Amino acid sequence: MTKLITNQPKVYEGNRGNFYNESFHIIKKLFDENDLKLADKIQIQSSHKFDRRNANVRGTCFPTRFSSDNETRHITISPSLNGENVENTIIALGVLAHEMVHTIEDCNNHGKLFKDNAEKIGLRGVPTSIGAILEGDKASVEFNNYIVTNVINALGCLPEKALLSLKSGKGSRTKKVICGACGHRNSATGQKLIEWSGNGAMGCNNCGEWSDNFEVFFDGATMPSTMLTDVQYEYCE
């Protein structure tokens with residue numbers, strides 16, 4: 001990748017949804033330059049995929065039949081992608097570009113036409129995961145340089161920390177949480193505990209202690225506990 005940034009790039013001042021939507025209009029120009037027509041109606045959001053059969057899915061493009069108007073293509077990009085630097089942003093926008101290719105007519109699957117169109121704009125890899133690669137041939141380097149020059153230098157890097165996805169069935173139920181300072185039994189949902197684990201601390205409802213000194217009974221009150229700081233590693237996909 002050509003060194004087009006002379007100092008530490010800024011991080012986009014806004015949420016991921018807005019960042020992806022602004023980036024979409026810039027990346028679309030690559031499609032226009034290659035005579036690749038996208039769907040007329042496209043809606044983009046940062047969200048874990050609704051279909052949880054595959055925990056490694058980084059992006060999804062839903063056919064129009066899943067939209068309330070039967071016309072809009074909905075694209076979701078997983079919030080589990082890392083951000084806040086150049087390399088992570090290129091990878092994330094490669095995922096967005098992959099899903100944009102799916103909105104081209106007859107590109108709902110990962111067949112030859114899909115792969116050919118993705119490669120026209122500089123994406124590389126096997127069809128199911130084709131995207132941006134940091135080191136590759138001339139076309140892939142040109143895609144990366146286009147992202148750096150036209151997105152990162154203009155908007156900044158992908159904002160926000162990655163939001164990890166809970167293993168199936170672990171997120172909605174409340175968990176027993178014992179404060180190491182006073183022994184009080186707190187409770188919180190699995191998803192909040194993942195968030196607090198990533199932040200490195202939570203607060204006790206009894207003594208007000210704000211620390212990582214909490215025992216979390218994620219698998220039930222009678223099962224072995226996990227320290228708060230380890231929850232993010234033990235219970236995320």
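Would you report the distance distribution of C-alpha pairs in segment 74-151 as whole percents per 10 angstrom bin, up to the bin with the largest distance?
20, 53, 26, 1
Compute the length gained on full extension between residue 71 and residue 145: take 0.36 nm times their separation in residues and subtract their Cα-Cα distance, giving the result in nm to one decimal.
23.3 nm is the gain from fully extending residue 71 to residue 145.
Taking the simple approach of a point 7 Å from Cα along Cα-to-Cβ for both residue 85 and residue 26, what is their distance in nm?
According to this spin-label approximation, the distance is 1.9 nm.
Taking every DSSP beta bridge that has both residues in the chain, what percent is antiparallel when rounded to the nearest 5?
Around 75 percent of the beta bridges assigned by DSSP in the chain are antiparallel ones.
Scan segment 70-168 for trypsin sites (Lys or Arg not before Pro) in coil per DSSP, keeping those whose Cβ has at most 16 other Cβ atoms within 10 Å, and list them by number.
Counting only loop positions with at most 16 other Cβ atoms within 10 Å, the trypsin sites (Lys or Arg not before Pro) in segment 70-168 are 161, 167.
Using 0.36 nm per residue, how much length does the chain from residue 212 to residue 230 gain when fully extended, once their Cα-Cα distance is taken away?
5.5 nm
Of the GluC sites (Glu not before Pro) in segment 68-145, which ones lie in a loop per DSSP and count no more than 14 other C-beta atoms within 10 Å?
71, 105, 135
How far apart, in nm, are two points set 7 Å out from the Cα along the Cα-to-Cβ line at residue 18 and at residue 173?
Simple spin-label model gives 3.9 nm for this pair.
Can you give the FRET efficiency to the nearest 0.05 for residue 184 and residue 43, using r as the Cβ-Cβ distance and R₀ = 45 Å?
0.50
Just to verify a number: FRET efficiency for residue 113 and residue 33, C-beta to C-beta distance, R0 = 22 Å, to 0.05?
With a Förster radius of 22 Å, E is 0.75.
Between residue 221 and residue 129, how many nm apart are label points set 7 Å from Cα along the C-beta direction?
4.3 nm
Shape call for the chain from the C-alpha gyration tensor, a ≥ b ≥ c root eigenvalues: rounded (a/c under 1.5), prolate (a/b greater than b/c) or oblate?
prolate
Could you please rank 210, 196, placing first whichever residue has the fewest other Cβ atoms within 10 Å of its Cβ?
210, 196
Each reported figure results from applying straightforward, stated rules to the coordinates on display, with no laboratory input. Treat the numbers as computed from the prediction; the structure is a model and nothing was measured. With ideal geometry, Cβ positions are generated from the backbone for all residues, glycine too; neighbour counts draw on all protein chains shown.
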